[in-house]
DNA sequence: GGTTGACAGAGTAACAAAGTTTGTCAACTT
DNA sequence: AAGTTGACAAACTTTGTTACTCTGTCAACC
């Protein structure tokens with residue numbers, strides 16, 4: 001359950017570690033998570049089970065490392081995609097689009113949602129869980145990239161909404177293409193995001209800031 | 001699995017049927033779904049198991065009837081709440097608000113999401129399942145009430161998005177009050193909904209109508 | 001329209017035996 | 001220093017068995 005550095009003293013070769021991580025990813029993708037054994041991963045990586053235990057303290061540690069690697073890559077992709085735009089809407093749209101495509105094309109995520117939804121979906125959709133909070137953090141970051149001066153209430157609300165949409169799209173793919181969805185979502189939310197009022201229109205229902 | 005009328009010939013008393021449905025709802029709320037027995041429901045309704053089987057052909061039939069009753073009530077509430085507004089935004093906001101409150105205050109749904117999420121959440125969040133399509137149907141209806149002339153692509157996209165948000169809020173309650181959420185969502189989506197162009201802003205990414 | 005009790009078959013719980021898998025050792029190779 | 005092998009107890013799964021509860025239907029009765 002330790003986040004990093006389970007290495008003995010100096011540092012083992014990085015390539016062996018990566019090799020193991022890749023093997024874990026591919027075996028998980030083909031055989032599923034529930035039936036994933038350390039022996040299988042070691043075999044796929046072309047080394048022995050005991051060698052694997054020199055790089056990762058436990059099976060949980062290995063799985064955690066795979067998750068960290070995959071999420072980091074994903075987050076990097078999204079942030080890179082959202083960078084270098086003048087308008088906040090373009091930035092949001094590009095980031096959302098990159099996220100949609102990356103999620104849809106992620107082989108392991110895709111496989112797991114299809115074959116082991118009962119284990120995965122509650123994990124993704126539960127508000128208290130780590131997934132929603134991490135995703136929301138990234139979404140807030142992307143919004144802030146396009147609009148550093150934004151009202152914090154707006155930011156929180158919008159990030160929460162976008163997070164829920166992203167996870168929903170990841171869990172069950174929409175009919176429309178990612179491009180259409182991203183365009184639609186960005187166009188819908190940017191005006192409200194850009195506005196200065198805490199709530200965009202005073203209506204007949206009460207509003208609590 | 002038949003939708004209605006499992007009655008023998010003429011028609012049994014409606015009150016007994018309702019009594020059973022209420023008993024089923026309350027026992028399910030207190031004891032959960034997985035441990036729900038027909039015997040318990042009959043006991044709670046103050047009649048014998050065999051009498052219950054005169055009104056419902058099977059346990060599944062009983063559960064289906066409860067679900068139909070609850071969803072009908074919910075849908076009625078939402079549609080009534082959305083009626084009688086001039087502006088599409090007010091109509092949408094009121095409908096969305098009613099749905100959020102009804103979902104949050106529904107005792108059985110609330111209990112199930114907390115105690116048996118692994119069984120329920122995949123059912124709710126799966127795109128192919130009956131829940132999303134039925135909810136989307138109602139959402140489309142509410143939007144059409146406020147805006148009968150709307151472009152069908154807009155309608156479909158917006159209804160899909162709102163459905164995903166509703167289900168997400170039902171599964172994990174947001175930090176903000178239902179009032180704030182409904183106001184925010186309606187304010188975000190109404191402008192796009194009201195616009196005439198198929199896509200609200202032509203951006204650097206391709207758009208498929 | 002309602003009740004009771006009885007009953008076969010389906011489904012679930014409990015649990016022990018058999019089999020995997022995990023995590024750790026010490027001894028050995030390159 | 002990094003990796004390999006085989007051996008091993010403890011933890012966890014799977015499998016098969018048995019006992020139980022629940023469903024759905026019966027016929028006889030108010």
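Any read-out appearing in this document is the output of simple, stated calculations on the displayed coordinates, not a laboratory observation. Keep in mind it's a predicted model, so treat the numbers as computed, not measured. No Cβ is skipped: glycine too gets one built from the backbone with ideal geometry, and neighbour counts run over all protein chains shown.
Using a 7 Å projection from Cα along Cα-to-Cβ, the label point at residue A:46 is separated from the same position in the remaining copies by 7.7 nm, smallest value first.
Annotation: extensible slack from residue B:134 through residue B:110 equals 6.7 nm (criterion: 0.36 nm per residue apart, minus Cα-Cα distance). Here, the protein assembly as shown has an Rg and a Dmax of 24.7, 84 Å when only alpha carbons are counted. Taking Cα atoms, how many degrees apart are the long axis of helix B:88-105 and the longest axis of chain B, rounded to 10 and kept between 0 and 90? It works out to around 30 degrees. Taking a ≥ b ≥ c as the square roots of the Cα gyration tensor eigenvalues, the stretch A:14-61 comes out prolate, since a/c reaches at least 1.5 and a/b is larger than b/c.
Note on the stretch B:88-118 and the stretch B:123-186: Cα centroid distance 11 Å, given to the nearest whole angstrom. In degrees from 0 to 90, rounded to the nearest 10, what is the angle of the helix A:130-146 Cα long axis to the longest principal axis of chain A? Helix A:130-146 sits roughly 50 degrees off the main axis of chain A.
Taking each residue of A:178-185 in turn, how many C-beta atoms of other protein chains fall within 10 Å of its C-beta, and what is the average?
Values: counts 1, 6, 9, 3, 3, 9, 11, 5.
Average per residue, whole number: 6.
Only Cα pairs under 8 Å and 6+ residues apart enter the sum, and on that basis the relative contact order of the stretch B:14-57 stands at 39 percent.
Comment: the Cα-to-Cβ extended label point of residue A:137, at 7 Å, lies 4.2 nm from its counterparts in the other copies, nearest first.
Projecting label points 7 angstrom from Cα along Cα→Cβ for residue A:155 and residue A:86 puts them 2.5 nm apart.
Using only DSSP helix segments of four residues or longer, with each worth -39500 (n - 2.57), what per-residue ellipticity at 222 nm results for the protein assembly as shown after dividing by its residue count and rounding to 500?
Working: 20 runs with 294 residues, N = 418.
That calculation yields -23000 deg cm²/dmol at 222 nm.
Relative to the longest principal axis of the Cα atoms of chain A, the long axis of helix A:178-194 lies at roughly 50 degrees. Inter-copy label distances for residue A:148: 5.2 nm (label point placed 7 Å from Cα along Cα→Cβ; shortest first). For the pair residue A:51 and residue A:70, the difference between a 0.36 nm per residue extended length and the Cα-Cα distance amounts to 4.6 nm.
Between residue B:195 and residue A:22, the C-beta separation translates, for a Förster distance of 51 Å, into a calculated FRET efficiency of about 0.60.
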